[in-house]
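Inspection log for the structure reproduced underneath, given as structure tokens.
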Amino acid sequence: MKIAHIGSRGFPGFNAGVEKCLEEICPRLTARGHDVTLYCSNEVTTAEPIYKNTIVKRTAAIPTKHLETLSRVAVAAWQSLFESYDIVHFHSIGPALLSGISRMGRAKTVVTVHGLDWERSKWGPLARWTLKVGEVSSILFPHQTIVVSKYLLRYFEEHYHKKVIYIPNGVTPYLPFDPAIIKEKFGLGSRNYILFAARLTPEKECHMLIEAYKKIKTNKKLVIAGAQWHSEGYEAQLRRQARGHPGIIFTGWAEGDLMRELYSNAYLFCLPSTVEGLSLALLEAMSYGVCPLVSDITENLDVIENHGVSFETENVADLRAKLEDLLDHPEKTENYGRSAKRHVAERYNWDDVTFELEKVYMGLLAPSSREAAKVGQRR
């Protein structure tokens, strides 16, 4: 098949959910014999026209918070009409707004919903309304809609009474990394810190974690790995909040070996967010055997099941109590970490994700033929 992916800013160079997802899936699709093109931003770090056997096509965009994605996706969707793609696959509800353009061509159109982006507090009323329209578009325009979490599966089936397909994200298992970079740059060692890893945006609730951490007595540090995304004021607020506390460390944007070291050596991983789709950071932390401590939103509970600890969302006192309990009981924390690692290895695998995605594509191209069955035979 000839497949185009639209909506991502591109890879490598972006340690974000959709981009990380496509960096895993695209090479696997090409390894299975498909031609894959990624439409992306001019900001992609590689200058090569082909990366990991994926054709990289950069598109122009209006470089503002509200227009960059839509303008880039509009150009990509229009260009895709003049290529002989079998599948044009849009990612996220913002880009889904323009997926109707691809319906004018011969390609089958797919949209993957990675989260309900209109819930994110960084957006104003107009942007939220636009994203809401994008949510409707993700059902209305494509030949098939995919969601990455069980919560989103229930949400779309209840709100739109239309069948969508659940294909979660995966993780790539790595052997643990010794603390080398993090020791040199930040003075961190093995299991002597709590890890938060996410964009520094309000819905991730990092401010609440800092507040809870400042109220406990511990020799473990709090490491905040991430950077702002259209939320400069919020990052500045976090740094003011942490000022004067030597145990709070901001690493900035972390990826590659630095991020692997941070996961490998964390005592526990905390995700206090109020909005998620399916957190890749949470999955990755669990894959390293790190105990997860998460807010009790459905999106997080669906991931950890009984392989971690949850606290009441936006409740600082409950978060503090759960932190203190896990810090006081290292054996409990280690047991949760081992259980989490087994759970993720069994349920979230990129090879399985790619296989399921390929089945969707084949089913759209030959829904009544034997082709979809042949995919399973080749596996």
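Which number in (1) within 28 Å of A254 (Cα to Cα); (2) of a type in the set (A, V, I, L, M); (3) without any contact (Cβ under 8 Å) to a residue 24 or more places away in the chain; (4) surrounded by 13 or more Cβ atoms within 10 Å (Cβ to Cβ) marks the one condition that V171 misses?
Unmet for V171, out of (1) within 28 Å of A254 (Cα to Cα); (2) of a type in the set (A, V, I, L, M); (3) without any contact (Cβ under 8 Å) to a residue 24 or more places away in the chain; (4) surrounded by 13 or more Cβ atoms within 10 Å (Cβ to Cβ): (3).
Against the condition under 30 Å from M1 (Cβ atoms) and touching a helix residue (DSSP H, G or I) at 6+ places or on another chain (Cβ under 7 Å), how does V309 come out, does it pass? Lay out the reasoning, then the answer.
Working: under 30 Å from M1 (Cβ atoms): no; touching a helix residue (DSSP H, G or I) at 6+ places or on another chain (Cβ under 7 Å): yes.
Taking the combined requirement at face value, the residue does not satisfy it.
Give me the residue from segment 311-338 that is among the hydroxyl-bearing types (S, T, Y) and surrounded by 19 or more Cβ atoms within 10 Å (Cβ to Cβ) and, out of that set, farthest from the chain's Cα centre (by Cα). So that I can check it myself, show each step before the final result.
The initial filter retains those residues of segment 311-338 that are among the hydroxyl-bearing types (S, T, Y), namely 313, 333, 336.
Checking the rest, the ones that are also surrounded by 19 or more Cβ atoms within 10 Å (Cβ to Cβ) come to 333, 336.
Working: T333: 25, Y336: 22 Å.
Result: T333.
Among the listed residues T333, T313, which satisfies the condition of being in a helix (DSSP H, G or I) and either modelled with pLDDT of 95 or more or over 30 Å from F90 (Cβ atoms) (or both)? Walk me through it before giving the result.
Values: T313 fails: in a helix (DSSP H, G or I).
Sole residue among the options that is in a helix (DSSP H, G or I) and either modelled with pLDDT of 95 or more or over 30 Å from F90 (Cβ atoms) (or both): T333.
So, in segment 107-130, of the ones that are surrounded by fewer than 22 Cβ atoms within 10 Å (Cβ to Cβ) and of a type in the set (A, V, I, L, M, F, W, C), which residue ends up nearest to G363 (Cα to Cα)?
The residue in question is L116.
Are there any pairs with C-beta distances below 8 angstrom linking a residue in segment 1-14 that is farther than 17 Å from L29 by Cα to a residue that is basic (K, R) and modelled with pLDDT of 95 or more, with the two at least 6 apart or on different chains, and if so which?
none
Can you go through G187, G277, G233, G252 and tell me which one is on the phi > 0 side of the Ramachandran plot, at pLDDT below 95 and not assigned by TED's automatic domain parsing to the domain that holds K150? Break it down into steps so the answer makes sense when it comes.
Details: G187 fails: at pLDDT below 95; G277 fails: on the phi > 0 side of the Ramachandran plot; G233 fails: on the phi > 0 side of the Ramachandran plot.
Checking each option against the conditions leaves just G252.
Could you tell me which of the residues L153, L131, L200 is assigned to a loop (DSSP other than H, G, I, E, B), without any contact (Cβ under 8 Å) to a residue 60 or more places away in the chain and aliphatic (A, V, I, L, M)?
Result: L200 is the single residue among L153, L131, L200 that is assigned to a loop (DSSP other than H, G, I, E, B), without any contact (Cβ under 8 Å) to a residue 60 or more places away in the chain and aliphatic (A, V, I, L, M).
The values are calculated or read from the model by the stated rules, or taken from the named source; none is laboratory data. From a predicted model like this one, the values you see are computed outputs, not experimental measurements. Note: ideal-geometry Cβ built from the backbone for every residue, glycine included; neighbour counts use all protein chains shown.
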